[in-house]
Amino acid sequence: MDWAHKWLPSPVPRLGDHVSIWSVTARDARTFFRIAALLWLVAFIFIVYQKLVGQGPPPADRDWRIGGEFLLVVLADLGTVGLGIAIVSMLLTRAVNKTGEVLMSFYQFVVNRFVIPVIEEHEARGRAEGLEQGRAESQAEWRAWNERRLAAELDGREFTESPPQGQRS
């Protein structure tokens, strides 16, 4: 029965599998349907605009703008462009996805080449400034402690204060 698995479709979608009659891969299906929906919306708006404005006033014996007849006319015209919308969507899907991949690669290149070095430089500068500030504070603590010790020595008092915990440099 192993030979039959070669001829049957896989139950788990693979990267190159096509979705339904739309001839797009499973990976590209979301982009295809988004493009198709956008084109359908544009076509619908254009057809409605043409019906309302492009043909002038309706005949006096029927007012098809108000009733369901108008919707039927619009849907009939939209049906004739449906195949064109599907074909254009199929053609644009791969290009849109590849363009997105190229733009994301370019974005990552810019981030790696220009942004990350600036961030690392600022972090290094901040660390250096922090170390310098810590060193200065530690030295100030030691100086203040030493001055109190010397003052106690000059006055002849016993100095029992423990030295600061920070570095001595």
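Worth pointing out:
- Counting protein heavy atoms only, segment 110-161 has 53 percent of its accessible area on carbon and sulfur, 1.4 angstrom probe.
- Annotation: per residue accessible area for segment 73-169 equals 77 Å², rounded to a whole number [probe 1.4 Å, protein chains only].
- Difference of contour (0.36 nm per residue) and Cα-Cα distance, Phe114 to Phe159: 10.5 nm
- Here the calculated FRET efficiency for Arg149 and His122, from their Cβ-Cβ distance with R0 = 35 Å, stands at 0.30, rounded to the nearest 0.05.
- With each label modelled as a point 7 angstrom along the Cα→C-beta vector, the Glu129-Asp77 pair spans 6.4 nm.
- One decimal place: the segment Phe106-Glu137 gains 6.6 nm when fully extended, by the rule 0.36 nm per residue minus the C-alpha distance.
- Remark: segment 156-163, residue by residue, has Karplus-estimated 3J(HN,Hα) of x, 8, 7, 9, 10, 5, 6, x Hz, where x stands for each Gly or Pro and the curve is 6.51 cos²θ - 1.76 cosθ + 1.60 at θ = phi - 60°.
- Database remark: amide H of Val24 closer than 5 angstrom to the amide H of Val19 (H placed geometrically; neighbours at sequence offset of 5 or more, or on other chains; Pro and chain starts carry no H).
The values are calculated or read from the model by the stated rules, or taken from the named source; none is laboratory data. In this text, all values refer to a predicted model and were calculated from it rather than measured experimentally. Positions of Cβ are generated from backbone atoms using ideal geometry, with glycine treated the same way; all protein chains shown enter the neighbour counts. Note: areas computed on protein heavy atoms with side chains; ligands, DNA, RNA excluded. Shrake-Rupley method; radii C 1.70, N 1.55, O 1.52, S 1.80 Å.
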